[in-house]
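Heads up: the structure comes next, in C-alpha cells.
The values are calculated or read from the model by the stated rules, or taken from the named source; none is laboratory data. In this text, all values refer to a predicted model and were calculated from it rather than measured experimentally. Cβ atoms come from the backbone with ideal geometry, glycine included; neighbour counts cover every protein chain shown. Each accessible area value is taken on the protein alone, full model and side chains, heavy atoms only, with ligands, DNA and RNA left out. Shrake-Rupley method; radii C 1.70, N 1.55, O 1.52, S 1.80 Å.
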Amino acid sequence: MPHSEIEPHSTKRQKRDVVAKTSTSSAAAKSPNTGSAIFAPFRTIGLVSPTNVPFASIPLGKTTFQITTSVGRSLQTYDLKRGLNLVFVTRPQTPADITATFAWKEKVFAAWGDSRKGEPRGLWAFQRGKKAAELQLPADLDQPIRQILIFGSWIVACALTRVEIFKTATLEHYTTIFSVSATKGANELTGGVCNMPTFLNKIFVGRADGWVEIWNVSTGKLIYTILPPTPNSGAVTCMEPTPALSLLAISYSEGPLIVHNVLTDKSVLRLNAGTEGAPVTSISFRSDGQGAGPDGKADGVMATATSIGGDVTFWDLNKGGRIMGVLRSAHNPPSRTGSAVRGGISKIEFLPGQPVIMTSGLDNSLKSWIFDESPFSPVPRILHMRSGHAAPISCLQFLPTDFDGADAGNKWLLSGGHDRSLWGWSLRRDGQSTELSQGNIRKKAKKIGILASTALSHGPSTTLDDLKAPEITCIASSLNRDGGIGALPGKQPIWDKGNDKSKPSNAEVSGMTGWESVVTAHKDDPWARTWFWGRKRAGRWAFKTGDGEHVSTVAISPCGSFAVVGSVGGSVDMFNLQSGRHRQRFPSRLTPAQLRQVKMQQLRSMDTVTKLQTHSKTTFTPGTGKHTKAVTGIVVDSLNKNVITCSLDGTIKFWDFVTGNLVDEIDWAPMTGITGCRYHPGNDLIAFSCDDLSIRVVDVDTKQTIREFWGCRDTINDFTFSNDGRWVVAASQDAVVRVWDLPTSHLIDAFRLEKPIKALAFSSTGEYLAGAAEGELGVHLWTNRTLFKHVPTRQISEREIAQISGPTASGEGGQGLVDAAFEDDVAAEDDVGAAPVLDQLSADMMTLSLVPKSRWQTLLHIDLIKQRNKPKEAPKAPEKAPFFLPAVGGGANPADKIGGLETAQQLAETGASRITQLDRTRSEQAFTSRLLAGAKTGDYTPFIEHLKALAPSMADLELRSLSLGDFGGIDDADNEMLHFIRAMTSRLAARRDYELTQAWMTVFLRLHFDVIMENQALLRELQVWKAQQEKEGERLDNLVGYCGGVVGFLRSPRT
C-alpha cells in the first residue's frame, strides 16, 4: 500500500518513537493483524429481498406457506401465517452470490457462483436453514445457473445456453441439454424453463430468437419447437402454464403476450401486455376459481408485471381478455435520476387455491396482497409486508433512552436512506422493525389522480416518490418528551408548512401526552421535519430555515422541547416542538432599541481606556457573528446553557441559549474547514471532523483543543464517541474504521472493509457499533468485546491494518455478545507488557499497588460475603443405604483405630495439646517465617509481597491467626501483632501500596482491637503508626490543594 508510508500531520505528531518501538518489537516478527481487536462482526439487518433472484414459495401443510428470498449469499425463509415472520436463515453462506432458488418439499435448492467473474459455482440444498446436500455440477459448466425447476423425478438447472438434468432420488447428474442455433446468441435461454401438467418428462425452453423448444429430459431429445407469432416479437422473456391443460402463456421482449395451445400449436389469445421498453417478465394465474367477471365469481384471472416498473396488471381472460385493474406502485419503480434507488418487480405469484398474491421487488421488499370478496374489488389490498431500505443508507443514530436506566437505547436504531424513508430497526426482534409513516401516500395519490385508471397514459409505471419527503441527510432525537403511542391522540396535520402558527394549540393535551421526538434534515430542501417516535409516524411541524436556504443539519435540546435547524447559508434557528413556533435566531435579531444601544457602545469604544479593556477580553456585539458558509454541526449542551455550531468557514461559535448572542468563538480558518461535530455530555467534550482529514477534540468549558487525531487517508465520512467517551471511532473513504483512545491519543484499533462506511453509530450501552456501507442496503452490526473480557489496547501502526469481511445477513462468521466474550484469546501475548512491575518513580510520590481493586475490597467485606453465602438450610442426612450394601467405613483396618488410640494416649500422657501442635505447625508457614525474618532484618518487603499474593479469604485467615507469642507479648521477638504493625508503618513511610496498607490495617484493627487495648507495647507501636499516617495525610492534602489551585487558575476564563 503506497499510502501506508505517509506520516501523520507534522503540526502535532504522536509519540511513536517511544511507544511504538516497545509495543511492536515483539509483534514485528509475527504475522500482521487479522482483524479488529475490539469489535467482532455480529450480523447485518435490513435485508429482505435486495437481489433480482425471484423468491420461492411452498405450501406448508394446509395452513400456511413459506416464502424464501435471497439476500446475497444466504436465504431467508418467512412464514405467511405469522405475518411474514422470519423463521430460518440459511447457514453456511454460499461462497458466491446466489443466482437461483427453488423450494421443493422440505428443501430449498440454491445455485450460486458465476465462473465468468472468476467465482466458484455450486448447487446446494438447504433444509430448515441448514445445508442438507450438494449437487455435483459438470466440470465443463462455465455459465451461471439462472433458474431451477423440480418436477417428478427430475431437477432441472437452466444456464445461459444449456440445461443440466439431475435425478431427485440420488441427486446425481443425469444429462445435459444444449440448445443450438445458426446465429450467435440466438440460443440464449432468456425465457428460462417450465413444465406443464400431464406432459411427462417434458420441459419448455424459451430462447432469445423467440422460439420455445420442447425437450424430453429422459431421452435428451428435442421434440418440437413453437415459433413466435411474428418475426419481430423479440426474445422470450417469461413462460407460465395456465390452470387450463395444454395452455401456455408466453411473453416476448417487444411487448406481446400470447396464450398458446401446445397440443394444436395455435395461439388462443394475444394481448399487448407490455411495451418494447417494458416487456412482461413475470406471469401468474389465480387458481381459486374466482376473481373474474363483473362480480368476481368467474375464473380466468392473470397477473403480469415488469422488472422495470412497479405496477401489477390484472387481466380477465374471458371474452378476449381485458384489463380488470392495475395495482399502482406495488413496489417502487427504478429511480429516474440514477441507479441509486432500486426498483422494479422481480416476481409475482398467486398462492395455490388462495385469493392472495405474493410480490417481491428490487426495492428490498416482500409483500402479500389479498382480494376482497365483498365488496368485490379487482385490485387487492396489502395484507403483509416485509421490507427495508430501497437505496443506500445515508445516516444512522441509536435511539437514546427516555430515562436513566432504560434499555431502549440499545434496542432501536434509526436510519435514513436515499429512498426518502426513515426506518426504526429493532435489534431484539426482527419483526418489530418498521418504517415511520409519512401519511397515507396511496390516498394522496388517488386524490391527485396518480392511481386513477386514466394514469395508463402517463407510461408503463408511475411513482409515489414525489409525495414523500426528500432524502434524509441528518437525524436528531430525544425521548424526554415523547409520549409513546398515546402522544396527541386523534388526527393531526402532517408537516404543517403554514407560516401562521399564531393559532392557540392545546398545550394541556400535548403537555400530558408528549410531542414529537425526532427531527430530520432533508437534501435540497429548506424544511426540517418532525416525527412521532412512539406513534411511528410523521409529526405536525415542518420548520423552515431563517434565510430560506436548504437545511444542512439539525439538533434537539436534551430536554426534548426545542429543535435547532442550520442551513447551508449559515443561519441557525430554534423552534419549539410543542407549539411549532420560532423561538430564537442565532445571532438574535435586534430590536430598534437594541440597535441604538449597540451604536452607542460602538461610539464609546473609541475611548482609549475602553480600547485597552477590549484588548484584554474579547467581546462580541449582539446581533453579529453569523456563519458565512454552511452550518455542518449543531450541539446543545446538557444544561441548555449554550448552543455550539460549526461551519465550513472554519469557525466554532458558542451562543447563549436564551439571548441568542455570541459568547465565544474558535477560529481555525483558513487552516481548515469543519465538516461535522459530535458531543459527549458525560465528559463535556466535543469532537470536530475537518477537511484536512483530522479530528480535533475541544473541551467545552475551557474552549481549548485537547486532542488531535490524524491518520485518515481520505475524506472522513462519519465519526462518533463511544458510550463512555473514551474512544473516538471514525470511518473514512479509504474503507478503514479507526479507533483512537482519548486519554492516550493513541490509535488502538483499525480494520479495513471491502467498501467504505458512510454512517456510524455507537449504542448508548456500548454493546453495538452500527455502520452503513457504501452502496449497500443493510446495516452492519459489530459487538464490543471489551464489555465481557479484557482486550489489549496497545498502540498500532498503519501497517497492522488488515482487510476483513463485514458482518453478514446470516450472522455466519459473526459473534454474539457472549460468543465474542468467550472466544479464544489469540492476541493475549500482546498484553504481557500491559501491566509491568513498576518501580517507584520518586521517593516523594505516594504510589498505589497493582493489585486489582476487587481483591482488597473483598477483604474489607469478607464477613458480609461469608454471611451472604451461608446455606439457608442445614445439610440433610443422606438416605440409608439398602441392607445388602456394605457400610462406607466397614472395610477399615482395626489396627488403624488402635494406632489412633495409642497416639491420643501418648499426647495425653505428655500433656501436649492439639492447639499447641497447631500453633507450632503454623509458625513454620511462610507467612509467619517471612514476618519474623523481616523483623530481624528490618526489611518487610518479602512479607508484603507474600501478603499481596494471597487471596482475600487466605489473607483474612492469616490476619486472624496473628498472635502475641508464647509469652503473651512480653517478648518482642515472637510478637506477631507487633511486627505486623511495624511492617505497615514501614510501608507507609516508604510511600508505597497505600490502599493496601489502609485495607490491611482496617481488617487488623477490627479483628484484634480488644487484644490491642490491653497490651501497652501494641498501643505504643500504634501511636507511631498514627503519627506517620497523619504526617502523610497532611502532606497529600497540601499537594492536592496546590494542584487544585493551579488547575483552577489555568481553567479560569479571567486568566
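Just a few scattered comments:
- The listed residues are SER329, SER374, and the only one of them that is more than 28 Å from LEU247 (Cα to Cα) and either touching a Gly at 6+ places or on another chain (Cβ under 6 Å) or surrounded by 24 or more Cβ atoms within 10 Å (Cβ to Cβ) (or both) turns out to be SER329.
Here is a yes/no grid of residues against (1) small (Gly, Ala, Ser); (2) at pLDDT 85 or above; (3) within 15 Å of SER284 (Cα to Cα); (4) in contact with a strand residue (DSSP E or B) (Cβ under 7 Å, 6 or more places away or on another chain):
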residue: ARG322; (1), (2), (3), (4): no, yes, no, yes
residue: SER329; (1), (2), (3), (4): yes, no, no, no
residue: ARG336; (1), (2), (3), (4): no, no, no, no
residue: VAL341; (1), (2), (3), (4): no, no, no, no
residue: ILE345; (1), (2), (3), (4): no, yes, yes, yes
residue: ILE348; (1), (2), (3), (4): no, yes, yes, yes
residue: LEU351; (1), (2), (3), (4): no, yes, yes, yes
residue: GLN354; (1), (2), (3), (4): no, yes, yes, no
residue: ASN364; (1), (2), (3), (4): no, yes, no, yes
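- Within the range 153-160, one or more residues are closer than 26 Å to THR90 by Cα and β-branched (Val, Ile, Thr).
- Applying a threshold of 9 Å to beta carbon distances and a minimum spacing of six or more residues, or different chains, the list of pairs starting in the range 751-773 at a residue that is more than 15 Å from PHE42 (Cβ to Cβ) and ending at one that is modelled with pLDDT under 90 and assigned to a strand (DSSP E or B) reads ARG752/GLN803; GLU754/GLN803.
- Test for THR941: is it exposed (fewer than 13 other Cβ atoms within 10 Å of the Cβ), at pLDDT 85 or above and closer than 26 Å to MET845 by Cα: no
- The range 283-300 residues that are over 18 Å from GLU349 (Cβ atoms), paired with ones that are hydroxyl-bearing (Ser, Thr, Tyr) and open to solvent by less than 40 Å² (accessible area, probe 1.4 Å) (beta carbon under 9 Å, 6 or more apart): GLY296/SER377
- Some residue of the range 465-487 being hydroxyl-bearing (Ser, Thr, Tyr), touching a helix residue (DSSP H, G or I) at 6+ places or on another chain (Cβ under 7 Å) and modelled with pLDDT of 80 or more: no
- Answer from ALA111, ALA103, ALA96 - the residue that is part of a loop (DSSP other than H, G, I, E, B) and not β-branched (Val, Ile, Thr): ALA96
- On inspection, ASP714 does not qualify as of a type in the set (D, E, K, R) and touching a residue at least 60 places away in the same chain (Cβ under 8 Å).
- Looking only at the range 560-601, and only at residues there that are polar (S, T, N, Q) and touching a Ser or Thr at 6+ places or on another chain (Cβ under 7 Å), the one that is surrounded by the most Cβ atoms within 10 Å (Cβ to Cβ): SER567
- Enumeration of residues in the range 287-303 that are outside any strand (DSSP E or B) and open to solvent by 10 Å² or more (accessible area, probe 1.4 Å): SER287, ASP288, GLY289, GLN290, GLY293, PRO294, ASP295, LYS297, ASP299, GLY300
- The listed residue being surrounded by fewer than 17 Cβ atoms within 10 Å (Cβ to Cβ) and at positive phi, out of GLY118, GLY113: GLY118
- Across the range 996-1027, the number of residues qualifying as among the aromatic types (Phe, Trp, Tyr), without any contact (Cβ under 8 Å) to a residue 40 or more places away in the chain and within 16 Å of SER986 (Cβ to Cβ) comes to 0.
- Of the numbered criteria (1) open to solvent by 10 Å² or more (accessible area, probe 1.4 Å); (2) in a strand (DSSP E or B), the one SER368 fails is (1).
- Any hit, the range 51-65, residues being part of a strand (DSSP E or B) and closer than 20 Å to ASN332 by Cβ: no
- Scope the range 628-650; condition open to solvent by less than 10 Å² (accessible area, probe 1.4 Å) and without any contact (Cβ under 8 Å) to a residue 60 or more places away in the chain; matching residues: ILE644, CYS646, GLY650
- Qualifying residue in the range 336-344 (condition: open to solvent by less than 10 Å² (accessible area, probe 1.4 Å) and either within 30 Å of SER70 (Cβ to Cβ) or in a strand (DSSP E or B) (or both)): yes
- Meets criteria (assigned to a loop (DSSP other than H, G, I, E, B), at pLDDT 80 or above and either open to solvent by less than 100 Å² (accessible area, probe 1.4 Å) or under 20 Å from GLU1032 (Cα atoms) (or both)) for SER849: yes
- The selection criterion, being farther than 26 Å from GLY343 by Cα, of a type in the set (A, V, I, L, M), open to solvent by 10 Å² or more (accessible area, probe 1.4 Å) and modelled with pLDDT under 90, does not hold for LEU137.
- Within the range 304-313, not a single residue is open to solvent by less than 10 Å² (accessible area, probe 1.4 Å), closer than 17 Å to THR69 by Cα and not charged (D, E, K, R).
- THR63 meets each of the listed conditions (1) at pLDDT 90 or above; (2) of a type in the set (Val, Ile, Thr); (3) open to solvent by 40 Å² or more (accessible area, probe 1.4 Å) apart from (1).
- Candidates MET954, MET1001, MET977, MET984, filtered to the one that is part of a helix (DSSP H, G or I), within 22 Å of GLN925 (Cα to Cα), open to solvent by 40 Å² or more (accessible area, probe 1.4 Å) and out of contact with any Cys (no Cβ under 9 Å at 6 or more places or on another chain): MET954
- Evaluation of PRO243 against (1) part of a loop (DSSP other than H, G, I, E, B); (2) farther than 26 Å from SER360 by Cα; (3) open to solvent by 10 Å² or more (accessible area, probe 1.4 Å) (one fails), failing number: (2)
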